[in-house]
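Read the structure below first, then the notes.
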Amino acid sequence: MVDPRYRFGAVALRLLPHLPLRVRRALAGRPRRIDGRELHVDVQLALRLQHLSRIPQIPELPLARAREAMVAQAEMVGGRPPVAVVRDLQVDGATGPLPARLYTPGTCVGAAQVPTVLYFHGGGWIYGDLATHDSACRVLAEAGGVQVLAVDYRLGPEHVFPAGLHDCRAAHRWLVEHHAEVGADPTRLAVAGDSAGGWMAANVAVTAAEEGLPLALQVLVYPGTDFLEDAPSRGALQDERLVLTRAFIDNARELGFGPGTDFADPEVSPLRRTRFPEGLAPAQVVTVGLDPLRDEGAAYARLLEAQGVAVSHVEEPDLVHGYLHMTALGRDLPRRVAALGERVGAALRG
């Protein structure tokens, strides 16, 4: 049974962001300015509604309930944006089949070979699935005019690092080998992901270059890149209850990685990679201003660029970690997600 608080929240969030700005500001309270950046009024309003509705923070719940809550919260802020065709299928993982979902926009229906994005969901290596990122994949596909193939890799603590990463690598190999089955153009493939999924995409891109597998683009949305040192944004923001909290980060580190993990390993902390292979795909990196992972994502973009990789880095200064889910929150936030889809589509079409 769906918690009634999520039903109430969904209704409120459909209505409130469409009110005049002065009314939304009054309901949201005084503008929050943290670490030199002002929080977007619609995000502040949503966070206040979550607090008033007593919707629990994900890390406060037992794991099974937390995963259910993440789905409910994603649906609350994401809705169900239109996309022409959605098809469930399976792809090969490292040890067996993985659930996957193919989103085909109207502009690509019936085409023989179309640009295709292999999408890895976020969720701290322990949460997240096809449902939590359904709305974002829908918008990215339709706005970008590209297919999006979302993959549900194995999670910790049941399957700690590197199980999920091995699945994502295997999924990319499957797409390369079976591109005709999903109508993908092998010369216009991308890997993408947000948060832990951005970490997956960064690692898969490196493997693709090492193995000579086709990959035209890597899209890293507020990726985690460093488990060795806390960048200034972690110190400034992880206690501000802006979606990604210290408790969430601690859970991800403890449950997503097994005991004895070497956090200096560049597969665990990509920012520690000293050399990238030849032929690494160009990168689009998105960071958000009010996110503990902001600085390490920006640092990874600089590292790529310093080693000769073509990089486009966009920062959304007034948004929070998780904004990619907010495709039903007013007018501006869905436009921001759609703009990312448009940039990805433009890059893959050349």
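The values are calculated or read from the model by the stated rules, or taken from the named source; none is laboratory data. Here the structure is a predicted model, which is why all the values come from computation and not from measurement. Virtual Cβ from ideal backbone geometry, glycine too; neighbours counted across all protein chains shown. Quick note on the areas: whole protein, heavy atoms, side chains included, nothing else; ligands and nucleic acids left out. Shrake-Rupley method; radii C 1.70, N 1.55, O 1.52, S 1.80 Å.
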**Request:** Let me know the Rg and Dmax you get for segment 159-237 when you use only its Cα atoms, in Å.
**Result:** 14.4, 47
**Fill in**
Once the dipole of segment 1-108 is set up from charges on Cβ (+1 Lys and Arg, -1 Asp and Glu), the residue from the list LEU98, GLN44, PRO20 lying farthest towards its positive end is PRO20
**Item:** Per residue convex hull volume, Cα atoms of segment 245-305, in Å³
**Value:** 103 Å³
**Asked** Got a number for carbon plus sulfur as a percent of the chain's accessible area, 1.4 Å probe?
**Response** 53 percent
**Complete:** Sparse-neighbourhood loop hits (chymotrypsin sites (Phe, Trp or Tyr not before Pro), segment 1-105; DSSP loop; Cβ within 10 Å at most 16 others) -> none
**Asked** If the chain were replaced by its equivalent ellipsoid, with semi-axes equal to the square roots of 5 times the Cα gyration tensor eigenvalues, what would those be, largest first, whole Å?
**Response** 29, 23, 20
**Prompt:** With the other protein chains left in place, how much accessible area per residue, in square angstrom, belongs to the chain at a 1.4 angstrom probe?
**Reply:** 40 Å²
**Candidates LEU63, LEU329, LEU155, ranked by Gaussian network fluctuation over the chain, Cα under 10 Å, top entry** = LEU63
**Prompt:** Is segment 143-274 rounded, prolate or oblate when judged by the Cα gyration tensor, a ≥ b ≥ c being the square roots of its eigenvalues, rounded requiring a/c under 1.5 and prolate requiring a/b larger than b/c?
**Reply:** prolate
**Complete:** Cα extents of segment 1-94 per principal axis, largest first, Å, are 49, 36, 32
**Asked** Hey, what's the per residue convex hull volume over the C-alpha atoms of segment 231-350, in cubic angstrom?
**Response** 131 Å³
**Prompt:** If you take every DSSP beta bridge whose two residues both sit in the chain, what share of them, in percent to the nearest 5, is antiparallel?
**Reply:** 35 percent
**Item:** For segment 34-40, Karplus couplings with θ = phi - 60° (6.51, -1.76, 1.60), whole Hz, Gly/Pro x
**Value:** 10, 6, x, 10, 9, 5, 4
**Request:** Using the Kyte-Doolittle scale, find the helices of the chain whose mean hydropathy is at least 0.0 and whose Cα atoms extend 27 Å or more along the helix's long axis, counting only whole DSSP H runs.
**Result:** none
**Asked** Per residue of the chain, what 222 nm ellipticity follows from adding -39500 (n - 2.57) for every DSSP H run with n ≥ 4, rounded to the nearest 500?
**Response** -12500 deg cm²/dmol
**Request:** Enter the Cα centre distance for the pair segment 196-261 and segment 303-350, rounded to the nearest angstrom.
**Result:** 17 Å
**Request:** Would you mind checking which residues have amide H under 5 Å from ASP185's amide H? H placed 1.01 Å from N; only 5 or more apart, or other chain.
**Result:** VAL114, THR116
**Request:** Name the residue, out of GLY322, GLY93, GLY235, whose mean-square fluctuation peaks in a Gaussian network model built on the chain with Cα pairs under 10 Å.
**Result:** GLY235
**Asked** How large, in Å, is segment 39-149 by the Kirkwood hydrodynamic radius built from its alpha-carbon pairs?
**Response** 15.7 Å
**Asked** For the chain, modelled as a GNM with alpha-carbon contacts under 10 angstrom, which of PRO232, PRO186, PRO105 fluctuates the most?
**Response** PRO232
